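First comes the structure, then the notes that go with it.
The values are calculated or read from the model by the stated rules, or taken from the named source; none is laboratory data. In this text the structure is predicted, and so the values were computed from the model without any measurement. Glycine also receives a Cβ, built like all others from the backbone with ideal geometry; neighbour counts cover every protein chain displayed. Heavy atoms of the whole protein, side chains included, go into the accessibility calculation; ligands, DNA and RNA do not. Shrake-Rupley method; radii C 1.70, N 1.55, O 1.52, S 1.80 Å.
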Amino acid sequence: MQHYRGFFFVVVSLALSSATGCAALGNAPAATSGPIKIGMVTSLTGNYAPLGTNDRLAAVQIVDAVNAKNGINGRQIELEVVDDGSDANQSVIQFNKVLGDGVVAVLGPPQSTADLALKPIANEKKIPTISLGAADEQVVPVTPYMWQTAPLSSQVAQTCIDFIKSQGKNQLAMLTDGKNAYAVSGHDATKKIIDQIGFKLVADESFETTQTNFAPQFAKISDAKPDFLLVWATGAPPVVITKGWADLNNHIPLMMTAAEASTLYVTPSGAAAEGVFVQASMGVIGQSLPASKKFKKLIDDFTRPYQRAHNYYPPQFAWDGMLAATFMLDAIGRKGTSSEQIKEGLDSIDLDTPQRHYTYTPQKHSGMPNSTNLMTVIKDGQFVPAGLSADQLAKAGQ
């Protein structure tokens, strides 16, 4: 297994490194003229647009950086982005469209319900696909042609429970989007954890994605007097929930998951978001890491051009999209452009990234380290570390 240390491999030196890597391996096909086509099925409209939009922006940034360095073996990367409208049925249609257009691999989509719909198709047609959703079921158990860059929903759940426990609390309420695969997976993982450690689930309410009035669920949860309310949802509902919960002024802390680690949640939520706890990965709090730490430099290498281009700090979804594009191009650069070569490349990912060190193997298609998952709290509209000492924060950037 070749071990490339650092994100610079892709954004600065990919053309040189991929050429020497392929020559050494001797199993990549000879370079041909024309672009290398990669598809990206994402959500640019509908409920999951905040996720898909930032996935796309990050992937485009990575592809543009590689193309500016003469691409891979002198071939430019052509990223075909299609919108699934936040509809899993459309995800399938758009996935088949990009396959018909001749892509060699696919990124996305950001919603787990859609990823699970694409999973059997990707495996049947042997199309390497890096999913951008977060349900464990996307990659557990492993299937040959789907990988995942986002945190597993079970990792998110563990981070939330660990933080609540660190606060000396043990009574939890959950509010879950019952039509969202990520939310259901996270809810179930949370319940499994709390059953094992003796936490009390004092209220367990669900809703549908299109719901806008949460008064019935709020009443039951408030009456149960939990120590925290943990919401499993994505897209628009969390904003509505946040505003409505703040209006109650019941002093029960609200906790969101990585799906809300975005300015596109904080900005529309406004003052109601202040003090909300949000689970997030390390990149989201990169501004708080000590400058001396090695992962801080990798974070800055990505965030600086992203912020210059878009005028805001990259949210959770940008980090997921950045990693997906990085890993796909790394795999192609080292192994080649056939389906089996890309699969072999993804199954041997071994990289330092802004989200710590990732590895994939044929037996493991999720790569985010547990230590990358942290708890944040919103202060003055920013995500800042919650419950971390200066020493712990320093270690996060090591």
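Each peptide among 235-244, 68-77, 39-48 gets the average number of other Cβ atoms lying within 10 Å of its residues, and from highest to lowest they stand as 39-48, 235-244, 68-77.
Residues whose amide H falls under 5 Å from that of MET174, counting only those 5 or more places apart or on a different chain, are ALA203, ASP204, GLU205, LEU230, with hydrogens built in the peptide plane. Across q = 0.16 Å⁻¹, the stretch 80-225 modelled as identical point scatterers on its alpha-carbon atoms has Debye log10 I(q)/I(0) values of -0.88, in the order of the q list. For the stretch 215-350, dividing the convex hull volume of the Cα atoms by the residue count gives 163 Å³ per residue. Rounded to 0.05, the FRET efficiency of the ASN370 and GLN196 pair, given R0 = 22 Å and the Cβ-Cβ distance, is 0.85. Between the entries (i) 25.0, 92; (ii) 28.7, 90; (iii) 20.6, 67, the label attached to Rg and Dmax of the Cα atoms in Å calculated for this structure is (iii). Antiparallel beta bridges, as assigned by DSSP with both residues in the chain, represent about 30 percent of the total such bridges. Solvent-accessible area assigned to carbon and sulfur over the stretch 67-142 amounts to 51 percent, based on a 1.4 Å probe.
Out of the total accessible area of the stretch 159-279 (probe 1.4 Å, heavy atoms of protein only), what percent is carbon and sulfur?
Solvent-exposed carbon and sulfur of the stretch 159-279 make up 51 percent of the total.
Net length available on complete extension from GLU124 to ALA309 is 62.8 nm, with 0.36 nm assigned per residue and the Cα-Cα distance removed. Take the Cα of SER339, step 7 Å toward its Cβ, do the same at LYS169, and the gap between the two points is 4.9 nm. Coupling constants for the stretch 370-380 follow from the phi torsions by the Karplus curve (6.51 cos²θ - 1.76 cosθ + 1.60, θ = phi - 60°), and in residue order they are 4, 5, 6, 8, 10, 9, 10, 9, 7, 10, 6 Hz; glycine and proline get x. Rounded to the nearest 10 degrees, the angle from helix 181-197 to the longest Cα principal axis of the chain is 60 degrees. Computed from the Cβ-Cβ distance with R0 of 41 Å, the FRET efficiency linking ASN250 to VAL60 stands at 0.45. In whole Hz, what ³J(HN,Hα) sequence does the stretch 251-268 give by Karplus (6.51, -1.76, 1.60; θ = phi - 60°), x for Gly and Pro? Using θ = phi - 60°, the values come out as 6, 8, x, 9, 10, 10, 9, 4, 4, 10, 7, 8, 4, 6, 9, 5, 4, x Hz.
Note: relative contact order over the chain, using C-alpha pairs below 8 Å and six or more positions apart, is 20 percent.
Considering all different alpha carbon pairs of the stretch 145-245, the Kirkwood hydrodynamic radius works out to 14.1 Å. Straightening the chain between ALA219 and THR143 buys 23.1 nm, computed as 0.36 nm per residue apart minus the Cα-Cα spacing. Across the options PHE95, ALA331, PRO109, the greatest Cα extent toward the positive end of the charge dipole of the chain (unit charges at beta carbon of Lys, Arg, Asp, Glu) belongs to ALA331.
Taking 20 °C and 1.002 mPa s as conditions, the stretch 192-268 diffuses translationally at an estimated 160 µm²/s according to Stokes-Einstein applied to its Kirkwood radius (Cα pairs). Rounded to the nearest 10 degrees, the angle from helix 153-166 to the longest Cα principal axis of the chain is 40 degrees. Computed from phi, the 3J(HN,Hα) profile of the stretch 352-369 under the Karplus parametrisation 6.51, -1.76, 1.60 (θ = phi - 60°) reads 6, 9, x, 9, 6, 8, 10, 9, 10, 9, x, 9, 9, 10, 10, x, 5, x Hz, with x in place of Gly and Pro.
So what's the angle, to the nearest 10 degrees on a 0 to 90 scale, between helix 215-224 and the longest Cα principal axis of the chain? Its long axis makes an angle of about 70 degrees.
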